[in-house]
Amino acid sequence: MSIPDPYSEHRENYEAETAVDLRKQRLRRQSDPNPEPAVVDEDTDGEHDAGTDAFDDGDVNEVFADPYQVGQDALAANEEPAIDIPAEYGGRDFDSETAELDNRPALWGLRGRVNAALGLTRPPLPESAEARFRQSVRRVQQPLPGCMVVSVIGLKGDAGKTSTTTALANTFGTHRGRGVVAWDACENSGTLGHRAHRTTDPELGPWDILENARALASADAVSGTLGHYLRLQPTHDEVLASDSSTSRQSGIGWDECAALMAVLRRHRDLIIVDTGNNATASNWQWAVQHSDILVIPLPLRRDMAILTMNMLDGIIARGYEHLVRSALILTVVLPGDKDSVDTALRLEGWLEKEFEAIGGVGRIMRVPYEPKFASGERIRYQELGQATVEAYTNVAAEIADRLADRAYERTAEYADAYAPQEFTRPSQAERRPPRRPYSLPPHSIPQPAPQSYDADADYDRHPPREQWRPRAVPPRDQPPREDPFR
């Protein structure tokens, strides 16, 4: 016996529920959860146009074209939600108070040796140096929207600006990957290209980018094209070295820095700028005024401390005190005897009081002395001491936190109206005209041989010429002077 199919028969009198026509459905606006009671006009007869039932309030004359029958409410602009929900900052997950600890097996210290010897997987202690290092790495890797600029500044040579720029770029490149550029913004003849681990052949510089700035900053520019002008390092960061020519009529100035940044910010995410020593130069002023954060390396010496205070006073006088309030001061105690170390520590205490007098700075951090920085050779990140790597990772984490706070305080810039033009490379300086030949002294002019004296000759009419005598020559028996460089 077969069972009848209830759906096989067509029923005209099905009245269980009203059929729904999906083509006539409309999306409703978000309504107020506590609406005010509507005022009903008793004079109206209750009839209204069926086409206006989609408008709860507003201008009924505003009708949008609706070819796909999605409804007027779907085409109208969305209204603000009635309930104000506070926006959550996703970067808080990277803060040290809320981030989870890295439970990978310890590699440093006693636990690291025990794990390697016995095959254990014990994690580092929460307060150990390895745990702090891993936490700093996570802070370095936090999201940084837009293009950020960090300037390493100072007014004294041999203060560590170039080595600090290289170490920070290597640290960010190691833990963030591509997108980090160390830029030597000196007028010319900067040393960043000579201190970087790797160079290129040929060694291209800023004028090569400026000659193609329009094409590199255009809408159809390929991101990989910029890598032709930069020097990729083993730590995945890149270096834009300064111009090495000393015979050009002009160097890198304000306009050149603006054009270079327009190209870099289009293709890269983080720019670390190495500056010169002249606070009145236009390129130095440009770097400071367009920075998100300032990093000031400060060896604890009296002359460098005085110049640093004068530099901060000048920045405040120009109206950029907010950069001083967020600046990072990296102090280092130079090697020496006990008296020099005690003097440096007293100087550090004096600096803290002076910083408070001008309104304070962001933070003062101590970094260890690295002999490889003072050697003048190329800096290889993998050859630096463990204490140096850990210290600059903590500095990079502090920079990343401050950049993240600054990024979320402002609206991200997705477009830049400035499009640089191509620059012409400055011509070589004119060669000076050749010097005039020196006038020969009278005694150096060769004279004819003296004539023999003839007693019978008539010298009243032709007197004899005075015989030429050579200059006195020092005797040969004198010992030669000692060469101090031998």
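The values are calculated or read from the model by the stated rules, or taken from the named source; none is laboratory data. Here the structure is a predicted model, which is why all the values come from computation and not from measurement. Glycine gets a Cβ as well: all are built from the backbone with ideal geometry, and neighbour counts include every protein chain shown. Protein only, heavy atoms only, side chains kept; ligands, DNA and RNA dropped before computing areas. Shrake-Rupley method; radii C 1.70, N 1.55, O 1.52, S 1.80 Å.
Just a few scattered comments:
- For region 309-380, the list of GluC sites (Glu not before Pro) that fall in a loop by DSSP and count at most 16 other C-beta atoms within 10 angstrom reads GLU377.
- Residues whose placed amide H lies under 5 Å from that of TYR369, excluding near-sequence neighbours: VAL333
- Protection-proxy order for peptides 391-398, 361-368, each taking the mean of Cβ atoms within 10 Å per residue, highest first: 391-398, 361-368
- Rounded if a/c under 1.5, otherwise prolate or oblate - region 190-258, Cα gyration tensor axes: oblate
- If the convex hull is drawn through the Cα atoms of region 143-283, its volume per residue in Å³: 111
- Normalised per residue, the accessible area of region 91-201 is 48 Å², obtained with a 1.4 Å probe and no contribution from ligands, DNA or RNA.
- Accessible-area composition of region 125-245, carbon plus sulfur, in percent [1.4 Å probe]: 50
- Zero-based 10 Å bins, Cα pair distances in region 291-335, whole percents: 27, 52, 19, 2
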